Amino acid sequence: MALEFTDQTALEAIESGNPVVIDFWATWCGPCIKLGPIVEELAEKYAGQVTIGKLNIDDNDEVASTFRVRNIPTVLFFKDGELKERSVGLVKLADLENKIAAIL
């Protein structure tokens, strides 16, 4: 199951240096809702390897602002505390898996 990040917990996860995937979304965003099950599937598949979670930009805007998230859904991929990859828009599972492979 994907984590529900806050600004604080997202920053803590990023600063851990471990691979982290954050889905920036909002309840009113149709493509975000469609991407949700894909993110959940990734969280189950990569449990123990990658920290995967969702961050609602309406409730938490600090991390989104820091990493210049201008459109949603946006999925950011971190490793060693640094942003490594970015995916914007509704994308396929395979596209996200390829980006996860790059941070493992």
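The values are calculated or read from the model by the stated rules, or taken from the named source; none is laboratory data. This structure is a prediction, so every number in the text was calculated from the model and none was measured. With ideal geometry, Cβ positions are generated from the backbone for all residues, glycine too; neighbour counts draw on all protein chains shown.
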Inset, instruction - Starting from region 62-77, keep only residues that are of a type in the set (S, T, N, Q), then list their pairs with residues that are assigned to a strand (DSSP E or B) whose Cβ atoms are within a distance under 8 Å, requiring at least 6 positions of separation or different chains. - result: Asn71/Val88; Thr74/Asp23; Thr74/Phe24; Thr74/Arg86; Thr74/Ser87; Thr74/Val88
Inset, instruction - Could you please let me know if Ala101 is more than 13 Å from the chain's Cα centre (by Cα) and either in a helix (DSSP H, G or I) or modelled with pLDDT under 95 (or both)? - result: yes
Inset, instruction - Specify which of the listed residues (Gly48, Gly81) is without any contact (Cβ under 8 Å) to a residue 12 or more places away in the chain and either touching a helix residue (DSSP H, G or I) at 6+ places or on another chain (Cβ under 7 Å) or under 15 Å from Ala2 (Cβ atoms) (or both). - result: Gly48
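Condition first: over 18 Å from Ile103 (Cα atoms), modelled with pLDDT of 95 or more and of a type in the set (Phe, Trp, Tyr). Can you find one or more residues in region 25-36 that meet it?
Here is the first cut: in region 25-36, the residues over 18 Å from Ile103 (Cα atoms) are 25-36.
Now drop any that are not modelled with pLDDT of 95 or more, which leaves 25-36.
Still in the list and also of a type in the set (Phe, Trp, Tyr): 25, 28.
Checking region 25-36: at least one residue is over 18 Å from Ile103 (Cα atoms), modelled with pLDDT of 95 or more and of a type in the set (Phe, Trp, Tyr).
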